[in-house]
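Scroll down for the structure; my scribbles are underneath it.
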2 protein chains.
Amino acid sequence: MSESIYVGVDLGGTAIKVGICDQEGKLLLTHEGPTEAAKGVEAVIDNIVQYVRDIVEKSPYSWDQLVGVGAGVAGFTNVREGIIIQAPNLGFSDVPMRALLEERLGKPVKIDNDANVAALGEAWSGAGRGLENCVCYTLGTGVGGGVILDGKIYQGSGGMAGEVGHITVVPDLEAIQCGCGKKGCLETVSSATGIIRMAKDAVERGDRTTLSTVEVMNAKEVFDAAKAGDEVALRIVNRAAFYLGKSMAAVAAVLNPEVFIVGGGVAYAGDILFNEVREVFAKFTPEPLQRGVSILPAILGNKAGIVGAAGLHLRS
Amino acid sequence: MSESIYVGVDLGGTAIKVGICDQEGKLLLTHEGPTEAAKGVEAVIDNIVQYVRDIVEKSPYSWDQLVGVGAGVAGFTNVREGIIIQAPNLGFSDVPMRALLEERLGKPVKIDNDANVAALGEAWSGAGRGLENCVCYTLGTGVGGGVILDGKIYQGSGGMAGEVGHITVVPDLEAIQCGCGKKGCLETVSSATGIIRMAKDAVERGDRTTLSTVEVMNAKEVFDAAKAGDEVALRIVNRAAFYLGKSMAAVAAVLNPEVFIVGGGVAYAGDILFNEVREVFAKFTPEPLQRGVSILPAILGNKAGIVGAAGLHLRS
């Protein structure tokens with residue numbers, strides 16, 4: 001076996017997931033262990049190094065076949081310098097991650113934020129496999145995103161590209177406060193948090209809905225109610241889908257990508273969400289800009305981060 | 001003089017403008033002559049070849065110093081194949097422009113559409129000089145645009161990137177029909193055509209405005225009236241600026257560019273337009289995405305097309 005391998009590291013607040021990919025982005029093996037962030041930077045670095053060595057050791061590949069290690073981190077990163085500027089989940093600030101790992105591993109290391117690596121994972125070897133220009137949305141607690149152009153992560157001038165969750169989509173009079181400080185961002189309506197908020201508001205104001213008896217809600221319950229014919233739930237789902245589709249129309253006019261990939265918990269809603277998103281996208285996008293553009297669910301699930309991190313050496 | 005030169009061709013419906021640029025994008029010499037489109041493809045090619053030979057001949061540079069020729073065309077182009085797919089102004093369809101010119105000139109030729117080359121001109125050696133990531137708007141009869149990433153024209157998957165004029169910005173109930181088939185596009189409110197339409201509507205419905213006596217209006221008259229304190233005119237200018245700034249906020253969230261460059265006739269309005277655009281941009285853009293981002297008027301005027309065309313060999 002003379003092929004090259006790449007290790008991806010998904011550095012989370014509680015667990016570190018590592019995986020080996022081949023040069024096509026195929027995930028060959030995974031492994032995980034605790035982060036132990038409370039013990040500090042050195043302990044976390046020790047753990048990453050250990051897990052990376054372990055996975056290569058127990059694989060059919062040799063250490064020499066390992067070309068590089070990539071890591072995705074939830075937080076602000078300086079990609080060029082390889083520094084974690086701020087990672088609230090880890091309690092890290094200004095940690096020279098790349099240098100620390102390179103010293104310990106003796107291999108080239110690259111880092112990027114979790115939204116970008118997840119986008120790269122899906123674009124490289126998930127729903128966007130074989131396509132060059134992808135814009136990815138992750139609909140979770142917030143709405144994250146990543147822009148992949150010519151097969152590579154596009155960072156933007158300040159490393160802030162891909163913040164699709166902060167496109168203003170809701171008209172002023174309907175807009176509510178977003179965590180970013182602005183009003184009417186996509187994140188306020190199309191994230192799980194936004195969907196739950198809309199459902200809670202509906203219940204509280206006495207809308208006629210099957211959601212009314214539910215105490216703690218999550219977005220899945222809203223989707224399930226919508227599928228079962230609850231009109232209030234359906235209206236909420238349609239609102240989330242409407243603004244998502246509308247934001248994609250704006251992105252398509254600027255970037256003319258081949259595919260939009262939608263991942264995160266909310267994307268599990270399936271057709272009830274995607275059909276509406278596609279319809280709204282078609283409504284707001286001039287025909288020549290619609291041609292050849294797909295809107296697809298992500299397929300790698302929570303493996304996208306590992307795969308994308310592994311891909312950083314080839315695709316960033 | 002051993003330096004390299006590049007010739008840019010701005011192929012318009014009535015005139016062909018050519019210019020020599022050095023490798024920094026400095027425009028050294030220009031020349032122009034009639035297009036004679038009515039005489040057909042061969043005659044137009046003859047003219048381009050003649051003007052290119054003439055300008056190099058009368059310059060202090062030799063033919064050997066000419067590295068390549070670029071041409072910008074109003075219409076749909078297939079950049080990869082060097083074909084003009086459709087150019088209504090010229091009456092051209094499926095003209096293999098690059099091949100025809102390369103055969104006659106014996107130099108490498110590149111072509112692109114006029115919006116992209118104008119954007120490249122401004123980004124390379126105009127308002128965006130020295131910056132890597134620029135999004136350009138041209139506010140004329142319509143609203144065109146171009147996206148320059150890492151110093152190069154970004155085409156998108158179908159060659160349709162940069163259609164910023166067709167971002168939907170006007171809410172449904174206020175939206176009017178756009179030439180693209182959709183409603184509420186930026187072009188309907190921020191183009192000269194849109195501004196004139198709003199002014200005519202105001203006059204026709206009897207709004208109290210100094211514009212009322214004007215028979216044939218152009219956008220400049222609306223800006224002049226606004227500067228002179230006409231409230232109706234000011235409201236129109238603010239509406240054009242509002243949606244322009246809002247569209248930029250959406251673009252900034254996705255691409256995080258360093259600069260937005262605004263050219264075309266409407267941009268001559270100056271501060272009355274730009275101040276409002278900047279304010280609206282700041283209103284809708286999260287603070288980290290505003291950082292380091294400028295909104296600037298184009299500075300090359302109608303020379304942007306020549307300069308950008310000359311730059312195609314270095315920047316596409």
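Residues are listed down the side, and each one gets a yes or a no for (1) within 14 Å of another protein chain (Cβ to nearest Cβ); (2) within 30 Å of A:V79 (Cα to Cα); (3) among the hydroxyl-bearing types (S, T, Y):
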residue	(1), (2), (3)
A:N218	no, no, no
A:A228	no, no, no
A:A241	no, no, no
A:N256	yes, yes, no
A:K303	no, yes, no
A:I306	no, yes, no
Read through the list (1) modelled with pLDDT of 95 or more; (2) part of a helix (DSSP H, G or I); (3) out of contact with any Lys or Arg (no Cβ under 9 Å at 6 or more places or on another chain), then give the number of the only condition that A:K303 fails. (3)
When the range A:183-216 is examined, which residues are found to be open to solvent by 10 Å² or more (accessible area, probe 1.4 Å) and touching a His at 6+ places or on another chain (Cβ under 7 Å)? A:E187
Only residues that are surrounded by fewer than 24 Cβ atoms within 10 Å (Cβ to Cβ) and touching a Lys or Arg at 6+ places or on another chain (Cβ under 8 Å): list them for the range A:111-152, please. A:G151, A:K152
Against the definition (buried (at least 24 other Cβ atoms within 10 Å of the Cβ) and not β-branched (V, I, T)), how does B:F260 come out, yes or no? yes
Could you pull out the residue among A:E24, A:E81, A:E32, A:E42 that is of a type outside the set (K, R) and assigned to a helix (DSSP H, G or I)? A:E42
Which members of the range A:131-144 meet the condition of being part of a strand (DSSP E or B), more than 8 Å from chain B (Cβ to nearest Cβ) and under 11 Å from the mean Cα position of the chain (by Cα)? A:C136, A:Y137, A:T138, A:L139, A:V143, A:G144
Set B:G292, B:G245, B:G265, B:G301: member being under 17 Å from B:A192 (Cα atoms) and open to solvent by 40 Å² or more (accessible area, probe 1.4 Å): B:G265
Looking at the range A:113-126, can you tell me whether even one residue there is touching a strand residue (DSSP E or B) at 6+ places or on another chain (Cβ under 7 Å) and more than 15 Å from A:L300 (Cα to Cα)? yes
When you scan the range A:153-179, how many residues do you find that are in contact with a helix residue (DSSP H, G or I) (Cβ under 7 Å, 6 or more places away or on another chain), open to solvent by less than 40 Å² (accessible area, probe 1.4 Å) and within 9 Å of chain B (Cβ to nearest Cβ)? 11
Looking only at the range B:1-36, which residues are open to solvent by less than 20 Å² (accessible area, probe 1.4 Å) and aliphatic (A, V, I, L, M)? B:I5, B:V7, B:V9, B:L11, B:I16, B:V18, B:I20
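The values are calculated or read from the model by the stated rules, or taken from the named source; none is laboratory data. In this text, all values refer to a predicted model and were calculated from it rather than measured experimentally. Quick reminder, even Gly has a Cβ in these numbers, built from the backbone with ideal geometry, and neighbours come from all protein chains shown. Surface areas here come from the heavy atoms of the whole protein model, side chains and all, with no ligands, DNA or RNA. Shrake-Rupley method; radii C 1.70, N 1.55, O 1.52, S 1.80 Å.
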